[in-house]
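Structure first, then comments.
The values are calculated or read from the model by the stated rules, or taken from the named source; none is laboratory data. Just so you know, these numbers come straight off a predicted model, no measurement behind them. Ideal geometry is used to build each Cβ from the backbone, glycine not excepted, and the neighbour counts take in all protein chains shown. These accessible areas exclude ligands, DNA and RNA; they are computed on the full protein's heavy atoms, side chains included. Shrake-Rupley method; radii C 1.70, N 1.55, O 1.52, S 1.80 Å.
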Amino acid sequence: MQQHISSAFDRDLEGIQAQIMKMGGLIEAAIRDAAKSLATHDVELADRVRAGDAAVDALEDMLNEEAARVIALRAPTAIDLRVILSVMRMSANLERIGDLAKNMAKRTSVLVEMPEIGGAAKSLRRMAREVESMLKDALDAYIQRDEALALDVIERDNDIDQLYNTLFRELLTFMLEDPRNITPCMHLHFIAKNIERMGDHVTSIAEQVVFLTSGTKPGDVRVKSDRTSTDPAFSTPVQGRDV
């Protein structure tokens with residue numbers, strides 16, 4: 001009987017983990033397609049990204065319900081409980097990344113009607129590729145229980161912050177040079193901020209992997225490299241507006 005219960009519990013855990021990986025795959029595609037739709041002005045692809053968010057939301061609901069059922073029915077302890085709690089937190093972060101990808105896609109239909117701003121679209125696609133790579137590695141770290149890889153993902157979020165800071169300064173310069181650039185630059189900035197926030201959520205997923213493998217969160221408080229809210233250089237008023 002004990003062996004039967006253990007086998008059923010293992011199947012429950014495998015099912016939950018399969019769902020989180022499926023969810024992760026959908027999010028990787030959403031990031032990639034949202035960035036591609038912006039770079040290529042593909043409104044139809046952007047619309048598909050927006051429509052696909054419903055499947056991500058449904059997966060999160062299903063996963064949380066299953067996790068709650070397993071906790072109530074199996075009363076897991078120690079490492080098994082950490083697995084379930086980690087998956088629930090990871091699913092919340094993945095769902096939020098999906099929302100941010102959807103928000104990116106929403107702005108594509110607006111930006112296609114506006115003039116291009118320098119190499120902003122190329123920079124945004126590079127940022128998105130970096131975040132997508134981080135997410136892939138974070139999910140691999142989860143499957144392999146690879147704490148070192150998870151810590152590497154956490155460290156790489158600084159690169160995303162630096163890319164964001166650089167792009168923000170470039171957009172600010174374009175706005176200062178010509179007031180007609182303000183509206184498209186603001187849309188591009190919001191997209192850049194969405195991608196930067198995706199990096200934060202991927203970092204949270206990697207932190208859950210560290211928690212799962214070690215039983216503790218990473219000890220040091222991570223210092224964010226996004227200085228746009230604290231550096232006076234990033235708060236230069238443009239035409240009476242505080243950017």
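Restricting the search to segment 162-187, which residues are of a type in the set (A, V, I, L, M) and open to solvent by 10 Å² or more (accessible area, probe 1.4 Å)?
Within segment 162-187, Leu163, Leu172, Leu176, Ile182, Met186 meet the criteria.
Which count do you get for residues in segment 61-103 that are part of a helix (DSSP H, G or I), among the small types (Gly, Ala, Ser) and over 23 Å from the mean Cα position of the chain (by Cα)? Walk me through how you get there before you give the answer.
Of the residues in segment 61-103, the ones part of a helix (DSSP H, G or I) are 61-74, 78-103.
Among the residues that remain, those that are also among the small types (Gly, Ala, Ser) are: 67-68, 72, 78, 86, 91-92, 98, 101.
The next check asks that each one be over 23 Å from the mean Cα position of the chain (by Cα); those that pass are 68, 72, 78.
Within segment 61-103, residues that are part of a helix (DSSP H, G or I), among the small types (Gly, Ala, Ser) and over 23 Å from the mean Cα position of the chain (by Cα) number 3.
Could you tell me whether any residue of segment 36-49 is buried (at least 19 other Cβ atoms within 10 Å of the Cβ), farther than 20 Å from Ile84 by Cβ, in contact (Cβ under 8 Å) with a residue 24 or more places away in the chain and of a type in the set (Lys, Arg)?
Keep residues of segment 36-49 that are buried (at least 19 other Cβ atoms within 10 Å of the Cβ), which gives 37-38, 46, 49.
Imposing the further condition that a residue be farther than 20 Å from Ile84 by Cβ reduces the set to 37-38, 46, 49.
Cutting the leftovers down to in contact (Cβ under 8 Å) with a residue 24 or more places away in the chain gives us 37-38, 46, 49.
Checking which are of a type in the set (Lys, Arg) leaves us with none.
Looking for residues that are buried (at least 19 other Cβ atoms within 10 Å of the Cβ), farther than 20 Å from Ile84 by Cβ, in contact (Cβ under 8 Å) with a residue 24 or more places away in the chain and of a type in the set (Lys, Arg), one finds none in segment 36-49, hence no.
Determine which member of the set Asp159, Asp220 is at pLDDT 95 or above, more than 30 Å from Gly15 (Cβ to Cβ) and open to solvent by 70 Å² or more (accessible area, probe 1.4 Å).
Testing whether each residue is at pLDDT 95 or above, more than 30 Å from Gly15 (Cβ to Cβ) and open to solvent by 70 Å² or more (accessible area, probe 1.4 Å) leaves just Asp159.
Based on what the data block shows, is Ser204 more than 22 Å from Ala30 (Cβ to Cβ) and touching a residue at least 12 places away in the same chain (Cβ under 8 Å)? Steps first, answer last, please.
Numbers: more than 22 Å from Ala30 (Cβ to Cβ): no; touching a residue at least 12 places away in the same chain (Cβ under 8 Å): yes.
In short, no.
Can you name the number of the only condition in (1) among the aliphatic types (A, V, I, L, M); (2) touching a Ser or Thr at 6+ places or on another chain (Cβ under 8 Å); (3) open to solvent by 50 Å² or more (accessible area, probe 1.4 Å) that Ile79 fails?
Tallying (1) among the aliphatic types (A, V, I, L, M); (2) touching a Ser or Thr at 6+ places or on another chain (Cβ under 8 Å); (3) open to solvent by 50 Å² or more (accessible area, probe 1.4 Å), Ile79 fails exactly one: (2).
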